[in-house]
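Scroll down for the structure; my scribbles are underneath it.
The values are calculated or read from the model by the stated rules, or taken from the named source; none is laboratory data. Owing to the predicted nature of the structure, the values given are computational and were not obtained by experimental measurement. Cβ atoms come from the backbone with ideal geometry, glycine included; neighbour counts cover every protein chain shown. Side chains included, ligands, DNA and RNA excluded: accessible areas come from the protein's heavy atoms. Shrake-Rupley method; radii C 1.70, N 1.55, O 1.52, S 1.80 Å.
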Amino acid sequence: MSLRTLEAWRSMALRPTDQWMRDDPQANAEIEHKIMNAPCMAYPDDDHPAVICGITSCYGIGTVWMVVGDRFKDTVWRGAFRVHRALVRGVFDALRLRRLQMLVDVAHPEHGRYAEALGFERESDRPHLGLGPKGEDLIFYVMRKGK
């Protein structure tokens, strides 16, 4: 929820497969809205972001979102993982959540492994429904309060 994180988003070098998020006006506007209106952060910092992530919430359900830049390498992954795990654990009380979910594109199984390492459980697949922003299939991961 800061102009610095918004500037980090605008300057972050994205992976070629994710460049569409900045190029598509609607996707870019949605990410900028999330940055300015919901808890989020850039890692390792706003000046040199490798990943920007946050949580939107409604009626006790939080949805984790994350944009990975091309600087997201092994060493950054390990550090980001420690930060994300701590944030995920504390967010239930801070945002009064009973459920936290993460939707993962089936084309990126490494993101599913990341979700599972954070403590999320695979809840269900949504094949052929095209629920992703570009019509891609998604896998739902969930974490419930107290588990």
Highest average packing first - 104-117, 59-72, Cβ atoms within 10 Å: 59-72, 104-117
Here the gain from full extension of T63 to A94, 0.36 nm per residue of separation minus their alpha-carbon distance, amounts to 9.7 nm
Below 8 Å between Cα atoms, with a sequence gap of 6+, how large is the relative contact order for the chain in percent? 18 percent
Provide the percentage of antiparallel DSSP beta bridges, counting only those with both residues in segment 1-132; round to the nearest 5. 75 percent
Quick one: check the C-alpha center-to-center distance for segment 77-109 versus segment 8-59, whole angstrom. 15 Å
For the chain: accessible area per residue (Å², 1.4 Å): 57 Å²
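I'd like the FRET efficiency for E136 and E32, computed as 1/(1 + (r/R0)^6) with the beta carbon distance as r and R0 of 25 Å, rounded to 0.05. Mind dumping the intermediate values first?
Numbers: r = 21 Å, r/R0 = 0.86.
Taking R0 as 25 Å, the efficiency between E136 and E32 is 0.70.
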